[in-house]
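Enquirer: Quick one: this structure, given as structure tokens, is what I'll be asking you about.
The values are calculated or read from the model by the stated rules, or taken from the named source; none is laboratory data. On a predicted model such as this, the values are computed, not experimentally measured, just so you know. Methodologically, a virtual Cβ is constructed for each residue, glycine included, from the backbone with ideal geometry; neighbour enumeration extends over all protein chains shown. For accessibility, only protein heavy atoms count, side chains too; no ligands or nucleic acids. Shrake-Rupley method; radii C 1.70, N 1.55, O 1.52, S 1.80 Å.
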Amino acid sequence: MVLKVENINVYYGAIHAVKDVSFHVDEGEIVTLIGANGAGKSTILKTISGLLRSRGGSIAFMGKNISSAPTNVIVRDGLIQAPEGRAVFLQMTVEENLEMGAFTRPKSGNHARMERVFALFPRLKERRRQPAGTLSGGEQQMLAMGRALMSEPRLFMMDEPSMGLAPILVDQIFEIIGDLNRLGGTILLVEQNARMALSIAARGYVLETGRIIKSAPAADLLEDDDVKKAYLGG
Amino acid sequence: MTFILYLINGVSLGGIYAIIALGYTMVYGIAKMLNFAHGDIIMVGAYVCFFAAASFGIPPVIGVLLAACVCAALGVIIEAFAYKPLRQAASLAVLITAIGVSYLLQNAALLLWKSNPRVFTSIVGTGAVRIWGLSITYVTITTILACIAIMICLTVFTGKTKMGKAMRACAEDKNAASLMGINVNVTISLTFAIGSALAAVAGALLCSAYPTLSPTTGSMPGIKAFTAAVFGGIGSVPGAMLGGVLLGIIEIFAKAYISTQLSDAIVFAVLIVVLLVKPAGLLGRQVHEKV
Ligand SMILES: Nc1ncnc2c1ncn2[C@@H]1O[C@H](COP(=O)(O)OP(=O)(O)O)[C@@H](O)[C@H]1O
Ligand SMILES: [Mg+2]
């Protein structure tokens, strides 16, 4: 098991944003966490990355308890996140952004890592010397994903990679996520676009106001009446 | 001919402002705070230099290095104890704390080193070289060279090294930087260390040019360098350099051609005009405050 989250509870002051959430991710899987805006998806990912802390419960990554580990240690252990809204460094070049992704890795391997990222995202190679702020939204999303891949993660968490992208780009991004998985990547995918997420995931969890209300193989969730009604438009 | 001399002296004074302004601007860039105690670090640096030479007979170059190390440590300690606990606090609380730290340093200096001014011995001697009939002091030349060297080093550091790039990443987005595995706390400490070490160098140069040293020595240059940083565009490293040098030139010209008494007023008047026309400063970007 790559990731095992057990009974985490996260608060923003008095707001109880994540309630007794437990789930796990196995090696080589795409697992998706779906839910409406404000359900607590990003909060869960931030907690796993160590930006927020859970009250009680535990988070284990590759068998190691990381519930109180600092973010830089978690990243070094191989757990990376491409955050919501991309959050690329707009004033830095594409290449510099990628270097930052490999911050916890020895500099000597950067060239090879960058070539692998460029093979996945040829557009980034064309624009390697441009500031990230000059890229289009889709290109920025590719950069955010490429930057995360630079750390050669054992678990790749993505927070709404399709957010704000034109449908054709959404298809492209999901295709790449599928490719990464076929290459052996383990992925935790957070999405509001439930249909797309469930179509490439092995398993899914449905989050409603901070609580997991359903968990099942993705194919079953796609057929589930409640899920259809609430998240798949009928 | 005197015009050229004034210009050179202006560039030199401005170089000192620029070195101080770099500290303000780098700290602002990463910690989004105005470190009002920065000017007093200059004073501490100058005292360390002074006692290194006067009490221990340490050679000036080593004295400056020592002062830079002491101030770097002081900057890191101030950040850790006074500013770090306020990282999530309102910016007004941070500002008031910084002013408090400034008074703390001045009063500690008063207690330790007394209020009577010391006569600082120039770190490069008091001679001058004659070039085309102009007499240019060693201090002036050293200051200009030091300024160029610092600018080159900082450009290489922030543009080429892993830590320097991490610093820029943190300045732009701390959460994202953190998610890349960058230790944001260490990066902020490093920024304070560099800024404070530069302040020590500026202190040694300043007191070599204007040799009276007292616990309030850092205040006025601190405020002017802060002005320079805002003038050039706070948060921008080239902006701090440009702002500092321009401010020095304006000040010397105002002293020479208008009035010695009014020179400071003129300097600040220029700042106000620039900010009215270009609120972000000469090289500053319009800031989009993130929520
Ligand atoms: N910084 C914050 N301060 C207070 N409340 C927050 C903060 N961030 C998120 N919340 C609240 O926590 C809940 C979960 O938010 P979030 O995890 O961002 O949801 P999602 O990613 O599923 O859209 C929401 O009700 C949101 O309003
Ligand atoms: Mg979210």
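Enquirer: Where q = 0.07, 0.11 Å⁻¹, what log10 of I(q)/I(0) comes from the Debye formula for chain B, counting one point per Cα?
Expert: For chain B at q = 0.07, 0.11 Å⁻¹, log10 I(q)/I(0) is -0.25, -0.63.
Enquirer: Given a 1.4 Å probe and no ligands, DNA or RNA in the count, how much accessible surface is buried by B and A, both sides, to the nearest 100 Å²?
Expert: So the buried area, both faces added, is about 2000 Å².
Enquirer: Note every residue of the range A:133-167 with a reduction of at least 10 square angstrom in accessible area, all protein chains present versus the isolated chain, computed with a 1.4 Å probe, or write none.
Expert: Residues passing the criterion (a loss of at least 10 Å², heavy atoms only) are A:Arg147.
Enquirer: Let me ask you something else. Which FRET efficiency value, to the nearest 0.05, is calculated for A:Asp26 and B:Ala90 with the Förster distance at 45 angstrom and r the Cβ-Cβ distance? Walk me through the intermediate numbers first.
Expert: On the way: r = 45 Å, r/R0 = 1.01.
That gives a FRET efficiency of 0.50.
Enquirer: Where the only charges are on Cβ atoms (+1 Lys, Arg; -1 Asp, Glu), what is the dipole of the protein assembly as shown about its Cα centre, to the nearest 20 debye?
Expert: My answer is approximately 1080 debye.
Enquirer: Quantify how strongly other chains surround peptide A:83-92 by giving the mean number of their Cβ atoms within 10 Å of each of its Cβ atoms.
Expert: Taking all residues of A:83-92 together, the mean is 4.
Enquirer: Work out the FRET efficiency for B:Phe157 and A:Ser58 from their Cβ-Cβ distance, taking R0 = 35 Å, and round it to the nearest 0.05. It would help to have the intermediate numbers written out before the result.
Expert: On the way: r = 41 Å, r/R0 = 1.16.
Calculated value: 0.30.
Enquirer: Still on this structure, I have one more. For the ranges A:170-178, B:64-72, B:276-284, what's the packing order if you count other beta-carbon atoms within 10 Å of each residue, average per peptide, and put the highest first?
Expert: By packing density, highest mean first, the sequence is B:64-72, A:170-178, B:276-284.
Enquirer: Once amide H atoms are built 1.01 Å from N in the peptide plane, which residues 5 or more positions from A:Met92, or in another chain, come under 5 Å H to H?
Expert: Excluding prolines and chain starts, which carry no amide H, the hits are A:Ala132, A:Gly133.
Enquirer: Name the residue farthest towards the positive end of the dipole of the protein assembly as shown from the options B:Ser115, A:Thr32, A:Leu189, assuming +1 on Cβ of Lys and Arg, -1 on Cβ of Asp and Glu, about the Cα centre.
Expert: B:Ser115
Enquirer: Sticking with this structure for a sec: The range B:63-124: which trypsin sites (Lys or Arg not before Pro) are DSSP loop and have at most 13 other beta-carbon atoms within 10 angstrom? Spell out each step's value before the answer.
Expert: On the way: sites: B:Arg87, B:Lys114, B:Arg118; in loops: B:Arg87, B:Lys114.
Passing sites in the range B:63-124 are B:Lys114.
Enquirer: Using a 10 angstrom cutoff on alpha carbons, build the Gaussian network for chain B and name the most mobile of B:Phe120, B:Phe50, B:Phe157.
Expert: B:Phe157
Enquirer: Next question, about the same structure. Take the Cα atoms of chain A, find their three principal axes, and give me the spread along each one in whole Å, biggest first.
Expert: 46, 40, 33
Enquirer: Separate question: If a/c stays under 1.5 just call it rounded; otherwise compare a/b with b/c (prolate if a/b is bigger, oblate if not). Do that for the range B:197-257, with a ≥ b ≥ c from the square roots of the Cα gyration tensor eigenvalues. Provide the component values of the computation, followed by the final result.
Expert: Values: a/c = 2.02, a/b = 1.23, b/c = 1.64.
It is oblate, given that a/c is not under 1.5 and a/b is not larger than b/c.
Enquirer: Further question: List every DSSP H helix in chain A whose Cα atoms extend 30 Å or more along the helix's own long axis and whose mean Kyte-Doolittle hydropathy is at least 0.5.
Expert: Helices meeting the span and hydropathy rule in chain A: none at all.
Enquirer: Compute the helix-to-body angle for B:91-113: its Cα long axis versus the longest principal axis of chain B, expressed 0 to 90° and rounded to tens.
Expert: 40
Enquirer: Further question: Compute the relative contact order of the range B:2-277 as a whole-number percentage, counting only Cα pairs closer than 8 Å that sit 6 or more residues apart in sequence. Walk me through the numbers before you get to the answer.
Expert: Numbers: 450 pairs, mean separation 110.6, N = 276.
Answer for the range B:2-277 is 40 percent.
Enquirer: Also: Taking the Cα centre of the range B:2-277 as the origin and placing charges on Cβ (Lys, Arg +1; Asp, Glu -1), which of B:Val156, B:Ala89, B:Leu198 is farthest toward the positive end of the dipole?
Expert: B:Val156
Enquirer: Only helical DSSP H runs with n ≥ 4 go in: add -39500 (n - 2.57) per run for chain B, normalise by residue count and round the 222 nm mean residue ellipticity to 500 deg cm²/dmol.
Expert: -23500 deg cm²/dmol
Enquirer: Continuing with the same structure: Treating the beta-carbon of each Lys and Arg as +1 and of each Asp and Glu as -1, no other charges, what is the dipole magnitude of chain B about its Cα centre, to the nearest 20 debye?
Expert: In debye, rounded to 20, chain B gives about 360.
Enquirer: OK, next. Suppose R0 equals 56 Å. What FRET efficiency, 1/(1 + (r/R0)^6) with r the Cβ-Cβ distance, do B:Thr212 and B:Val186 give to the nearest 0.05?
Expert: It comes out at approximately 0.90.
Enquirer: What lysines could a cross-link reach from B:Lys84, if we take a straight Cα to Cα line under 17 Å and drop same-chain neighbours fewer than 8 places away?
Expert: Filter leaves B:Lys32, B:Lys174.
Enquirer: Keeping all protein chains in place, calculate the accessible area per residue for the range A:1-104 (probe 1.4 angstrom), answer in Å².
Expert: Heavy-atom accessible area per residue stands at 36 Å².
Enquirer: Between A:Thr134 and A:Leu90, with labels modelled 7 Å along Cα→Cβ, what's the label distance in nm to one decimal, could you check?
Expert: 1.6
Enquirer: Probe of 1.4 angstrom, ligands and nucleic acids ignored: what's the accessible area per residue over the range B:183-269, in square angstrom?
Expert: 32
Enquirer: Taking the Cα centroid of the range A:167-234 and of the range A:48-66, what is the distance between the two, rounded to the nearest whole Å?
Expert: Rounded to whole Å, the Cα centres lie 23 Å apart.
Enquirer: Hey, another quick one. How much of the DSSP bridge set in the protein assembly as shown is antiparallel, in percent, rounded to the nearest 5?
Expert: Working: 26 of 44 bridges.
Here the share of antiparallel DSSP bridges comes out near 60 percent.
Enquirer: Could you check which residue among B:Leu105, B:Leu205, B:Leu22 shows the biggest mean-square fluctuation in a GNM of chain B with a 10 Å Cα cutoff?
Expert: B:Leu105
Enquirer: Evaluate the charge dipole of the range A:1-48 about its Cα centre and quote only its size in Debye, nearest 20, assuming +1 on the Cβ of each Lys and Arg and -1 on the Cβ of each Asp and Glu. Before the final figure, lay out the partial values.
Expert: Values: 4 positive and 5 negative charges, 57 e Å.
Charge dipole, the range A:1-48, about its Cα centre: 280 debye, nearest 20.
Enquirer: As a test, work out the antiparallel percent of DSSP beta bridges whose residues both lie in chain A, rounded to the nearest 5.
Expert: In chain A, DSSP labels about 55 percent of beta bridges as antiparallel.
Enquirer: Let me know the whole percent of all Cα-Cα pairs from the range B:1-64 that are separated by more than 18 Å. Before the final figure, lay out the partial values.
Expert: On the way: 1152 of 2016 pairs.
Cα-Cα pairs in the range B:1-64 separated by more than 18 Å: 57 percent.
Enquirer: Going by a ≥ b ≥ c, the root eigenvalues of the Cα gyration tensor, does the range A:20-87 fall in the rounded group (a/c under 1.5), the prolate group (a/b larger than b/c) or the oblate group?
Expert: Values: a/c = 1.27, a/b = 1.26, b/c = 1.01.
Rounded shape, in that the Cα axes give a/c under 1.5.
Enquirer: Okay, moving on. How big is the shadow of the Cα convex hull of the range B:21-99, averaged over all directions, in nm²?
Expert: Averaged projected area of the range B:21-99's Cα convex hull equals 5.3 nm².
Enquirer: Can you tell me the orientation of helix B:237-253 relative to chain B, as the angle in degrees between its alpha-carbon axis and the longest Cα principal axis, to the nearest 10?
Expert: 30
Enquirer: Determine the shielding of peptide B:180-193 by partner chains: average, over its residues, the number of Cβ atoms on other chains within 10 angstrom of each Cβ.
Expert: Taking all residues of B:180-193 together, the mean is 4.
Enquirer: Need one number: convex hull volume per residue for the protein assembly as shown, Cα atoms only, in Å³. Before the final figure, lay out the partial values.
Expert: Values: hull volume 92.1 nm³, N = 525.
Enclosed volume per residue, from the Cα hull, is 175 Å³.
Enquirer: Taking square-rooted eigenvalues a ≥ b ≥ c of the alpha carbon gyration tensor, is the range B:61-200 rounded, prolate or oblate, where a/c under 1.5 means rounded and, failing that, a/b exceeding b/c means prolate?
Expert: Oblate shape, in that a/c is at least 1.5 and b/c is the bigger or equal ratio.
Enquirer: At 1.002 mPa s and 20 °C, plugging the Kirkwood radius over alpha-carbon pairs of the range B:171-291 into Stokes-Einstein gives what diffusion coefficient in µm²/s?
Expert: 131
Enquirer: Round to a whole number: what % of the accessible area of the protein assembly as shown belongs to carbon and sulfur, probe 1.4 Å? Provide the component values of the computation, followed by the final result.
Expert: Numbers: 14470 of 22900 Å².
Roughly 63 percent of what the probe reaches on the protein assembly as shown is carbon or sulfur.
Enquirer: State, to one decimal in nm, how far the label point of B:Leu7 lies from the label point of B:Leu104, with both points 7 Å from Cα in the Cβ direction.
Expert: Output for this residue pair reads 4.6 nm.
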